[in-house]
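These notes concern the structure reproduced below.
Just so you know, all these numbers are worked out from the coordinates, no wet-lab data involved. What you see is a predicted model, and the numbers here were worked out from it, not measured in a lab. Here the Cβ is made from the backbone with ideal geometry for all residues, glycine too, and neighbour counts use every protein chain on show.
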Amino acid sequence: MTEIVFTPRELDVMSILWRQGSGTVAEVRETLGEDLAYTSVLSVLQTLEEKGHVRHEGEGRAYRYFATVEAEVAGKSALARLRDAVYQGSSELLFAQLVGDRGLSREELERMRRLLAERLKEER
């Protein structure tokens, strides 16, 4: 798997594109909810485009930006880095941390149990 790395600001912008499907610089800037200059948001989008993570299409006098990498793919890459860096490469320790989160609802835990059961069936 190719490693996909985002700075915190890039991840903020990608998150908006993933949720909304696309966005102009002005739309992304507004959704960020921070007092960032238009040129700062534009710079992040241009950097993401240089990295191959977004593309743009002309829309009147503006550009509309689209993510070219899926959130799930970026998430797998980020999770692998987290597992390796924080949990010494142990998926079991990472999983224990996830299920040990007291903020998880019973429903979330049940869904996690079902996913694990399905995955175990695949291994048979």
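Multiply the residue separation of Ser15 and Val86 by 0.36 nm, subtract the distance between their alpha-carbon atoms, and state the gained length in nm to one decimal.
The Ser15-Val86 span can extend by a further 23.2 nm.
Could you give the length gained on full extension between Glu118 and Glu34, defined as 0.36 nm per residue of separation minus the Cα-Cα distance, in nm?
Between Glu118 and Glu34, full extension yields an extra 26.1 nm.
If the only charges are +1 at each Lys and Arg Cβ and -1 at each Asp and Glu Cβ, what is the size of the charge dipole of the chain around the Cα centre, to the nearest 20 debye?
340 debye
Measure out, as a whole number of angstrom, how far apart the alpha-carbon centroids of the stretch 42-72 and the stretch 10-25 sit.
9 Å
Out of the stretch 18-124, which GluC sites (Glu not before Pro) are coil in DSSP terms and have no more than 12 other C-beta atoms within 10 Å?
Here the sparse-neighbourhood loop sites are Glu34, Glu70, Glu123.
With everything on Cα atoms, drop me the angle between helix 71-86 and the longest principal axis of the chain, reported from 0 to 90° to the nearest 10.
Its long axis makes an angle of about 60 degrees.
In whole Hz and in residue order, list the ³J(HN,Hα) couplings for the stretch 109-124 that follow from phi through the Karplus curve 6.51 cos²θ - 1.76 cosθ + 1.60, θ = phi - 60°; x for Gly and Pro.
4, 5, 5, 5, 4, 5, 4, 5, 4, 4, 5, 5, 4, 4, 6, 6
Relative to the longest principal axis of the C-alpha atoms of the chain, give the angle of the C-alpha long axis of helix 8-20, reported between 0 and 90° and rounded to the nearest 10°.
The answer is roughly 90 degrees.
Could you work out how far helix 38-50 tilts from the main Cα principal axis of the chain, as a 0 to 90 degree angle to the nearest 10?
So the inclination is approximately 60 degrees.
State, to one decimal in nm², a quarter of the convex hull surface area for the C-alpha atoms of the stretch 47-99, i.e. the direction-averaged projected area.
Average projection, Cα convex hull of the stretch 47-99: 5.0 nm².
For the chain, with a Gaussian network of springs between Cα atoms less than 10 Å apart, report the residue from Gly75, Gly33, Gly23 with the top mean-square fluctuation.
Top of the fluctuation ranking is Gly33.
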